Amino acid sequence: MKKIVILILIALVIICLVAVGLIIGFRKKEPPVVEKAEPFGIACFVPGVVAGSPLYELLVEGAEKAVAEYGHASLKVIEGGFNQAEWGEKITSLAATGEYDVILTSNPAMPFVCMDVAKNFPNQKFLNVDAYLEGHPQMATILYNQVEQAYFVGYLGGLVTKSKMPGANPGLKAGMVVAQEYPALTKMMKPGYEQGLKAVDPGITIDYRVIGNWYDANKAADLANSMMDAGVDVILTIAGGANQGVIKAAQERGKYVLFFDSNEYKIAPGTIVGCGILDQGRLVYEKVKEAIEGKLAYGTAEIVSTKDGYVDFADDDPLYTGNVPEDVRKKMDVVIKKMRSGELTFEVPEL
Ligand code: RBF
């Protein structure tokens, strides 16, 4: 009897061991429960070169930051160079690879370049920042209210030219140097700057010059010098890499520069007295995330303004507060407050 009980117990132990072995065996064969997302490719086409162009630097930074948050997303940055006639061809070859879920780019001319490419690649999607095109099913665009951005620096420019700052003269002449003309510039930035200047004093006149490209710092310096010879004491520069020429010329002669797009007081402290800024880094980061998550609304055209926090004036930098006299900053503060709260806004015209 005792033997039988022992045999039964041994049999039970063996059965248990076999069962446990089988369960573990089965488990091992089960596929791993890891969600595998499809790869998501982004091509970032820089229409120009990155270095020296504030909005392009922020474009790449924002896209890199967003992509780093997703294991399945990848980013390729392509510099298109300064020959604008080649951009369409270069974007076509990106679309032709079929590797990119979205082509990301930035400047007001790009929706029209991409539109031509889109005709031949109906599945290719485009994300255009600093641009406006409504109703194209393959494209999402977001435009900054640059009337407001330019009004900020225009108002400051007016205060500076009327001030007793060491480089300011009694004449009421402000300058503007631009790389090239395009609708966003002539319909938003130039009028915004003029309105800002004239809100300080309607007698202020504007000396406006066009370089002809986004890289010739020597020509930009020549233009700035001839403006200063004519009595200009403060200049707004919108010229990418050529900005350096304007800054250097003004620095040498103790005059003032208004900067556009990003906070760059540090390039020439005391010479750059105001920066009208765009939060392109954040905008690109947010929109690229939406694209990766399949939430980006194609076919839409959005406009973002100061009250939304994407357009602003850099007033919290010690190189601003330390170099611009208090009476000027106090007057500027009133405008900044009104724009941020939405009490003072400017319409974006049809481009
Ligand atoms: N901005 C730059 O800083 N660097 C450039 O190389 C540059 N190229 C441009 C080319 C075209 C055709 C257009 C329409 C704009 C370009 N911009 C460039 C201007 C930029 O998009 C923006 O309008 C200004 O920087 C003012 O915010």
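The values are calculated or read from the model by the stated rules, or taken from the named source; none is laboratory data. Please read all numbers here as calculations on a predicted model, not as lab measurements. Quick reminder, even Gly has a Cβ in these numbers, built from the backbone with ideal geometry, and neighbours come from all protein chains shown. We work out accessible area using only protein heavy atoms, side chains counted, and drop any ligands, DNA or RNA first. Shrake-Rupley method; radii C 1.70, N 1.55, O 1.52, S 1.80 Å.
Return yes or no: is residue 269 surrounded by fewer than 20 Cβ atoms within 10 Å (Cβ to Cβ) and in contact (Cβ under 8 Å) with a residue 40 or more places away in the chain? So that I can check it myself, show each step before the final result.
Values: surrounded by fewer than 20 Cβ atoms within 10 Å (Cβ to Cβ): yes; in contact (Cβ under 8 Å) with a residue 40 or more places away in the chain: yes.
Considered against the rule, which asks whether it is surrounded by fewer than 20 Cβ atoms within 10 Å (Cβ to Cβ) and in contact (Cβ under 8 Å) with a residue 40 or more places away in the chain, residue 269 comes out as yes.
Tell me whether the stretch 224-244 contains one or more residues that are away from the ligand (no atom under 16 Å from the Cβ), open to solvent by 50 Å² or more (accessible area, probe 1.4 Å), assigned to a helix (DSSP H, G or I) and within 17 Å of residue 173 (Cα to Cα).
Yes, some residue in the stretch 224-244 is away from the ligand (no atom under 16 Å from the Cβ), open to solvent by 50 Å² or more (accessible area, probe 1.4 Å), assigned to a helix (DSSP H, G or I) and within 17 Å of residue 173 (Cα to Cα).
Is at least one residue of the stretch 273-286 surrounded by fewer than 24 Cβ atoms within 10 Å (Cβ to Cβ), of a type in the set (Lys, Arg) and more than 16 Å from the ligand (Cβ to nearest atom)?
The answer is no; no qualifying residue exists.
Inside the stretch 178-211, can you point out the residues that are in contact with a Lys or Arg (Cβ under 7 Å, 6 or more places away or on another chain) and within 12 Å of the ligand (Cβ to nearest atom)?
The one that is in contact with a Lys or Arg (Cβ under 7 Å, 6 or more places away or on another chain) and within 12 Å of the ligand (Cβ to nearest atom): 211.
Quick check: anything in the stretch 46-59 away from the ligand (no atom under 14 Å from the Cβ), touching a residue at least 60 places away in the same chain (Cβ under 8 Å), touching a strand residue (DSSP E or B) at 6+ places or on another chain (Cβ under 9 Å) and closer than 21 Å to residue 240 by Cβ? Explain how you work it out, then say what you get.
So the first thing to find is which residues in the stretch 46-59 are away from the ligand (no atom under 14 Å from the Cβ), and the list is none.
No; the residues of the stretch 46-59 include none that is away from the ligand (no atom under 14 Å from the Cβ), touching a residue at least 60 places away in the same chain (Cβ under 8 Å), touching a strand residue (DSSP E or B) at 6+ places or on another chain (Cβ under 9 Å) and closer than 21 Å to residue 240 by Cβ.
Write out, first by first residue and then by second, each pair whose Cβ atoms fall under 7 Å of each other, whose residues are 6+ apart or on separate chains, and whose first residue, in the stretch 305-327, is over 19 Å from residue 130 (Cβ atoms) while the second is among the polar types (S, T, N, Q).
Close Cβ pairs satisfying both conditions: 317/263; 325/163.
Is it the case that some residue within the stretch 16-39 is buried (at least 16 other Cβ atoms within 10 Å of the Cβ), modelled with pLDDT of 55 or more and either within 16 Å of the ligand (Cβ to nearest atom) or among the basic types (Lys, Arg) (or both)?
The answer is no, given that none of the residues of the stretch 16-39 is buried (at least 16 other Cβ atoms within 10 Å of the Cβ), modelled with pLDDT of 55 or more and either within 16 Å of the ligand (Cβ to nearest atom) or among the basic types (Lys, Arg) (or both).
Residues of the stretch 72-88 being among the polar types (S, T, N, Q) and not in a helix (DSSP H, G or I), which ones? Spell out how you get there, then give the answer.
Step one: filter the stretch 72-88 for residues among the polar types (S, T, N, Q), giving 74, 83-84.
Once the filter is applied, which keeps residues that are among the polar types (S, T, N, Q) and not in a helix (DSSP H, G or I), the stretch 72-88 yields 74, 83.
Scanning for something charged (D, E, K, R) and open to solvent by less than 10 Å² (accessible area, probe 1.4 Å), does the stretch 141-148 turn up at least one residue?
As a first pass, look at the stretch 141-148 and keep what is charged (D, E, K, R): 148.
Those left that are additionally open to solvent by less than 10 Å² (accessible area, probe 1.4 Å): 148.
Yes, the stretch 141-148 contains a residue that is charged (D, E, K, R) and open to solvent by less than 10 Å² (accessible area, probe 1.4 Å).
Tell me, yes or no, whether the stretch 137-155 has at least one residue that is in contact (Cβ under 8 Å) with a residue 24 or more places away in the chain, out of contact with any Leu (no Cβ under 7 Å at 6 or more places or on another chain), among the hydroxyl-bearing types (Ser, Thr, Tyr) and away from the ligand (no atom under 12 Å from the Cβ).
So far as the stretch 137-155 goes, yes, one or more of its residues are in contact (Cβ under 8 Å) with a residue 24 or more places away in the chain, out of contact with any Leu (no Cβ under 7 Å at 6 or more places or on another chain), among the hydroxyl-bearing types (Ser, Thr, Tyr) and away from the ligand (no atom under 12 Å from the Cβ).
Being open to solvent by 10 Å² or more (accessible area, probe 1.4 Å) and either away from the ligand (no atom under 12 Å from the Cβ) or in contact (Cβ under 8 Å) with a residue 60 or more places away in the chain (or both) is the requirement here; does residue 127 meet it? Walk me through it before giving the result.
Details: open to solvent by 10 Å² or more (accessible area, probe 1.4 Å): no; either away from the ligand (no atom under 12 Å from the Cβ) or in contact (Cβ under 8 Å) with a residue 60 or more places away in the chain (or both): yes.
When the stated conditions are applied, residue 127 does not pass them.
So, residue 133, is that one open to solvent by 10 Å² or more (accessible area, probe 1.4 Å), outside any helix (DSSP H, G or I) and either modelled with pLDDT of 95 or more or away from the ligand (no atom under 16 Å from the Cβ) (or both) or not?
Criteria met by residue 133.
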